[in-house]
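Right, I'll just put the structure down here and ask away after.
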Amino acid sequence: MAESPISEPTSGKPWGTAETPYEEIGGDETVLAIAEAFYDIIEAESPTLRAMLPDDTSGSRQKLHQFLSGWMGGPPLYWEAHGHPRLRLRHVPFPIDGAAAEEWARCMRQAIASVDMSERAAAFLGQQLSTAALTLINR
Ligand code: HEM
């Protein structure tokens, strides 16, 4: 039968075939790897974002890991530990202009690319998180 766009595999979810992105990418171990890689990248190459963070980023790493777990459909670790994320409110102290949001999104996509997952899942997560970053622009 001839190939047509509608014969492309369209079954499953935008991130793949598992019920949640969390399951799709391999659960907690992968979520943790993304959070660690993200802050490693910021510490190595983003003076703008690094300047907004405390000297010791272990708490930042832990909170991002906790948040992403629930956001991806896994255990709601951030909620359990800290309550409602209220991301806009919690980011008010930080000067987030368009360039900072782009930078955050770029570092996040790079972190996602550095861990092992399908291209489809990586594209989905990269897009969703980049869009989320734009919603936090506050300057
Ligand atoms: C738009 C660019 C962004 C910038 C410049 C930024 C910057 C920051 C900074 C400086 C902190 C404080 C870290 C600390 O206290 O150790 C923070 C916390 C946090 N950020 Fe972002 N962020 C951005 C976008 C995002 C996005 C898109 C998400 C989620 C998808 C996110 C999730 C979080 C979480 C969960 C925390 C911890 C909040 C808390 O409990 O204090 N951030 N962010």
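Laboratory data are not the source of any read-out in this text; all were calculated from the coordinates shown. All values reported here derive from a predicted model rather than from experimental measurement. Cβ placement follows ideal geometry from the backbone for every residue including glycine, while neighbour counts extend to all protein chains displayed.
Just to confirm the number: angle between the C-alpha axis of helix 119-134 and the first principal axis of the chain, 0 to 90 degrees, nearest 10?
40 degrees
Would you mind putting 24-34, 39-49 in packing order, based on average other-beta-carbon counts within 10 Å, highest first? Write out the running numbers ahead of the final one.
Details: 24-34: 18.9, 39-49: 15.9.
My ranking of the peptides, most packed first, is 24-34, 39-49.
If you don't mind, another one. So how far, in whole Å, is the C-alpha centre of the stretch 34-81 from the one of the stretch 103-134?
Computed from Cα coordinates, the inter-centre distance equals 14 Å.
What is the fewest-to-most order of W71, W104 by other Cβ atoms lying within 10 Å of their Cβ? All intermediate terms of the calculation are to be shown ahead of the outcome.
Details: W71 20, W104 23.
The fewest-first ordering by Cβ neighbours comes to W71, W104.
Moving on to the next point. Rg over Rh of the stretch 45-139, using C-alpha atoms and the Kirkwood radius, what does it come to?
Details: Rg = 13.5 Å, Rh = 14.2 Å.
For the stretch 45-139, the value is 0.94.
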